[in-house]
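The values are calculated or read from the model by the stated rules, or taken from the named source; none is laboratory data. Keep in mind that what you see is a predicted model, and the values were worked out from it rather than measured. No Cβ is skipped: glycine too gets one built from the backbone with ideal geometry, and neighbour counts run over all protein chains shown. Surface accessibility is based on the protein's heavy atoms, side chains included, excluding ligands, DNA and RNA. Shrake-Rupley method; radii C 1.70, N 1.55, O 1.52, S 1.80 Å.
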Amino acid sequence: MTIVIYSKTNCVYCTKAKGLVKSLGLDYTEKSLEKDFNGDPGKMLEDIGKPVRQMPQIKIDGKLIGGYNQLVEHFESQGKVNFKGEIK
């Protein structure tokens, strides 16, 4: 499984998404607006593949699943976490 988390500085949900993935023992690649895209949101949106308004944005195996809530829903559907994002 390949996980990419697009994030920005001082983003609470970005931190929560990275923490959730880590707590599940999964590896991920972080792409930061400030570090990887020199603060250019246009470049980041091009890499994400569609216009988005919130961060984080998460891709799993190349498919954009959305933000933190969608990440929780993804892992909940697999029985790995509950609806609050707590590991079962």
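Neighbours of V52, meaning other residues whose beta-carbon lies under 12 angstrom from its beta-carbon, give a summed charge of +2 when Lys and Arg score +1 and Asp and Glu score -1. Across region 58-88, the residues whose backbone nitrogen lies under 18 Å from the label position 7 Å along the beta-carbon direction of K50 are 58-75.
With one equal scatterer per alpha carbon and no solvent term, the Debye-computed log10 I(q)/I(0) for region 38-88 at 0.18, 0.19 1/Å reads -0.62, -0.66. Surface composition of the chain: carbon plus sulfur atoms hold 46% of the accessible area, using a 1.4 angstrom probe and ignoring ligands, DNA and RNA.
In region 1-52 the Cα-Cα distances spread across 10 Å bins starting at 0 as 25, 52, 23, 0 percent of all pairs. For V4, the solvent-accessible surface with a 1.4 Å probe is about 30 Å², rounded to the nearest 10.
Ranking of Y13, Y6, Y28 by solvent-accessible surface, largest first: Y13, Y28, Y6 (1.4 Å probe, protein heavy atoms only, all chains present). Scaling against 2.2 N^0.38 Å puts the C-alpha radius of gyration of the chain at 1.04.
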